[in-house]
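See below for the structure under consideration.
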There are 2 protein chains.
Amino acid sequence: MLKEERQQFILNETRIHNKVLLGDLAEQLNVSIDTVRRDVKELDQLKKLKKVHGGAISNGFNIYTYTETDIFSHEEKAFIAKKSVSLIPNNGIVLISGGTTNLEIARHLPVNLKATFFTPSLPVAMQLMTHEHIEVLFIGGRLLKDSQLAVGPSTIRFIQEIRADVCFMTTNSIDEANGMTDSDWDIVQMKKAMLKSSKKIVAPVISEKLGSSQRYQTCTINEVDVLVTELDPFSSKLEGYRRQNIEII
Amino acid sequence: MLKEERQQFILNETRIHNKVLLGDLAEQLNVSIDTVRRDVKELDQLKKLKKVHGGAISNGFNIYTYTETDIFSHEEKAFIAKKSVSLIPNNGIVLISGGTTNLEIARHLPVNLKATFFTPSLPVAMQLMTHEHIEVLFIGGRLLKDSQLAVGPSTIRFIQEIRADVCFMTTNSIDEANGMTDSDWDIVQMKKAMLKSSKKIVAPVISEKLGSSQRYQTCTINEVDVLVTELDPFSSKLEGYRRQNIEII
DNA sequence: AAAAAAACAGCATAATATTGCAATATTATA
DNA sequence: TATAATATTGCAATATTATGCTGTTTTTTT
């Protein structure tokens, strides 16, 4: 059995039972308790579960597998997500695009939040479905293989029928001059439709994306209502955006 | 055997089994383990799979609950899948519902098959996306949490616009008197729409489902064109279906 | 505080990876 | 077609990784 399989099994067991004992795992997997201990330690470092004395407890369901190198950006995105979820009104209608930051938002929803989410992103939909009180509506269409996102005319038509309270729109790049920009034309068209159908536009953006731009424009900077980054809201790096009357949290 | 073919084989094996051991591959391919190692390394660099110590694991869709050990009667379902895929015409339009048997079909598509698949099932869509030459269209709508399936009026409207060559329709239960039956009303409505939009109806069914029935009817038995089971097509258990003029493979 | 359980560190062993190299096969070019 | 350039493959030597074991330290329980 491959190490990765074993770790996947451990993750699955912790998810199902909420907690597991290292001794039990060692027996089920036919390996020494030291090996299990080492596995659990690694998984803990990858934030996939929480190691406790004698066992491990679940860290919730996570569809995405982070490599060691993006552990830092993962933590930053989780921080952005925690700040972002406060913008969702109870019983609200939410439109949410794809990307790993939005995936974190889908993970960090308050357990008691009741809301309806529309999304064209397969991974985000999967993640949203783990929440009991969240209704998930998938926006269908042609699926792009790399971004796992639905695009195309039927997608846009579907989006046009929605009236959302808030839209979480992630992007490849953002800067003052060009606004939010992306490298894929189909995705940009779909995103434009999303923005049109939403009252409030929230851009959860990791600071490394600030000040860069791509080929196609989704929207200008002043169409954004709220900018959420991992930085302090009064950071000098955000000065330019503050001047545009964008709420920064 | 050409290097290309070998790598294609390796990719297919990892897709089907979710993991492979380098030693096994070397044996199956009649090359040294070094060659396999180099192939896997290349495929890893191309992000087509993930190389790990001792083997490789599938790169796309890896949710534990859908791996071999976790699917009930996996062997039989994989066998049904292998028989079913022969019914897909090249460049055809396919409608495929959810369920683990259909998931196996999505896994076992021939590597060179070109086709367009429509599905309302999240896991099936994920699996289909791992195929290079397959176009995947997701049929959106309200997602049911347990079956991970889109249902509802917008789903049905979307389906009504499709004209499919073949439809793979799995079901909870099937018998001669009641046809295909399910326990969820929304799912049955969605399935009815799928059948209406398809020229040829294929029912991949594991034999233990034969002769049982549920609350709601999807279709009568003579609407089914082809029945695929893990049994020998001439098995006496299939006698009743054969009398209905259903093709059995 | 003592006893028990668990975690940790270091080490030995076996399995797997990497590297350089030579033999062979394939491709490009004159 | 001949020849040079390039790629592929298997092998051997060496390096790395995974695992279990032992003894010791830390944590939990009594």
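The values are calculated or read from the model by the stated rules, or taken from the named source; none is laboratory data. Just so it is clear, the model here is predicted, and its values are computed rather than measured. Because the Cβ atoms are built from the backbone with ideal geometry, glycine has one as well, and the counts that use them run over all protein chains shown. For accessibility, only protein heavy atoms count, side chains too; no ligands or nucleic acids. Shrake-Rupley method; radii C 1.70, N 1.55, O 1.52, S 1.80 Å.
Okay, here's what the table says:
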{"quantity": "Filtered residue count, the range A:101-127, keeping only those that are in a helix (DSSP H, G or I) and of a type in the set (D, E, K, R)", "calculated": "2"}
{"quantity": "Index of the failed condition, A:E135 passing every other in (1) open to solvent by 10 Å² or more (accessible area, probe 1.4 Å); (2) acidic (D, E); (3) within 24 Å of A:Y66 (Cβ to Cβ)", "calculated": "(3)"}
{"quantity": "Cross-chain or 6+ apart pairs with Cβ under 9 Å, the range B:2-24 first and touching a residue at least 60 places away in the same chain (Cβ under 8 Å) and under 22 Å from B:F79 (Cβ atoms), then within 16 Å of DNA strand C (Cβ to nearest atom) and assigned to a helix (DSSP H, G or I)", "calculated": "B:L11/B:L43"}
{"quantity": "Residue tally, condition within 14 Å of another protein chain (Cβ to nearest Cβ) and surrounded by 13 or more Cβ atoms within 10 Å (Cβ to Cβ), over the range A:66-82", "calculated": "1"}
{"quantity": "The lone exception for A:M129 - which of (1) within 14 Å of chain B (Cβ to nearest Cβ); (2) in contact with a Ser or Thr (Cβ under 6 Å, 6 or more places away or on another chain) it fails", "calculated": "(2)"}
{"quantity": "Any hit, the range A:148-155, residues being more than 23 Å from B:I159 (Cα to Cα), assigned by TED's automatic domain parsing to the domain that holds A:G211 and either modelled with pLDDT under 95 or of a type in the set (A, V, I, L, M) (or both)", "calculated": "no"}
{"quantity": "Condition broken by B:L49, with the remaining ones in (1) within 14 Å of chain A (Cβ to nearest Cβ); (2) away from DNA strand C (no atom under 12 Å from the Cβ); (3) open to solvent by 30 Å² or more (accessible area, probe 1.4 Å); (4) over 30 Å from B:S207 (Cβ atoms) satisfied", "calculated": "(3)"}
{"quantity": "Only one of B:E42, B:E27 that is open to solvent by 40 Å² or more (accessible area, probe 1.4 Å), over 22 Å from B:E132 (Cα atoms), within 13 Å of DNA strand D (Cβ to nearest atom) and not assigned by TED's automatic domain parsing to the domain that holds B:E132", "calculated": "B:E27"}
{"quantity": "Enumeration of residues in the range B:176-215 that are in contact with a strand residue (DSSP E or B) (Cβ under 7 Å, 6 or more places away or on another chain) and acidic (D, E)", "calculated": "B:D182, B:D186"}
{"quantity": "Residue among A:L95, A:L11 that alone is open to solvent by less than 60 Å² (accessible area, probe 1.4 Å), away from DNA strand C (no atom under 16 Å from the Cβ) and under 17 Å from A:V228 (Cβ atoms)", "calculated": "A:L95"}
{"quantity": "Within the range B:8-100, strands (runs of 3 or more DSSP E) holding 1 or more residues that are among the hydroxyl-bearing types (S, T, Y)", "calculated": "B:55-58"}
{"quantity": "Subset of the range A:138-153 that is buried (at least 24 other Cβ atoms within 10 Å of the Cβ) and not aromatic (F, W, Y) - its residue that is nearest to the other protein chains (Cβ to nearest Cβ)", "calculated": "A:G140"}
{"quantity": "Which numbered condition B:T130 misses (of (1) surrounded by 24 or more Cβ atoms within 10 Å (Cβ to Cβ); (2) assigned to a loop (DSSP other than H, G, I, E, B))", "calculated": "(1)"}
{"quantity": "Residue in the range A:211-220 that is free of Cβ contacts under 8 Å to residues at least 40 places away in the same chain and among the hydrophobic types (A, V, I, L, M, F, W, C) present", "calculated": "no"}
{"quantity": "Which numbered condition A:S121 fails, given (1) in contact (Cβ under 8 Å) with a residue 40 or more places away in the chain; (2) open to solvent by less than 10 Å² (accessible area, probe 1.4 Å); (3) within 14 Å of chain B (Cβ to nearest Cβ)", "calculated": "(1)"}
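Residue-wise test of (1) closer than 25 Å to A:V124 by Cα; (2) open to solvent by 50 Å² or more (accessible area, probe 1.4 Å); (3) aromatic (F, W, Y); (4) under 19 Å from the mean Cα position of the chain (by Cα).
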| position | (1), (2), (3), (4) |
| --- | --- |
| A:T170 | yes, no, no, yes |
| A:V188 | yes, no, no, yes |
| A:L210 | yes, no, no, yes |
| A:Q217 | yes, yes, no, no |
| A:S236 | no, yes, no, no |
| A:I249 | yes, no, no, yes |
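Residues checked against (1) within 12 Å of another protein chain (Cβ to nearest Cβ); (2) open to solvent by 10 Å² or more (accessible area, probe 1.4 Å); (3) among the β-branched types (V, I, T); (4) touching a helix residue (DSSP H, G or I) at 6+ places or on another chain (Cβ under 9 Å):
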| position | (1), (2), (3), (4) |
| --- | --- |
| A:P89 | no, yes, no, no |
| A:A115 | no, no, no, no |
| A:T155 | yes, no, yes, yes |
| A:I159 | yes, no, yes, yes |
| A:C167 | no, no, no, yes |
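For every residue, the table says whether it meets (1) within 25 Å of the chain's Cα centre (by Cα); (2) modelled with pLDDT under 95; (3) within 28 Å of B:K47 (Cβ to Cβ).
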position: A:Q8; (1), (2), (3): yes, yes, yes
position: A:N12; (1), (2), (3): yes, yes, yes
position: A:I16; (1), (2), (3): yes, yes, no
position: A:D39; (1), (2), (3): no, no, yes
position: A:K47; (1), (2), (3): yes, yes, yes
position: A:K51; (1), (2), (3): yes, no, no
position: A:E68; (1), (2), (3): yes, yes, yes
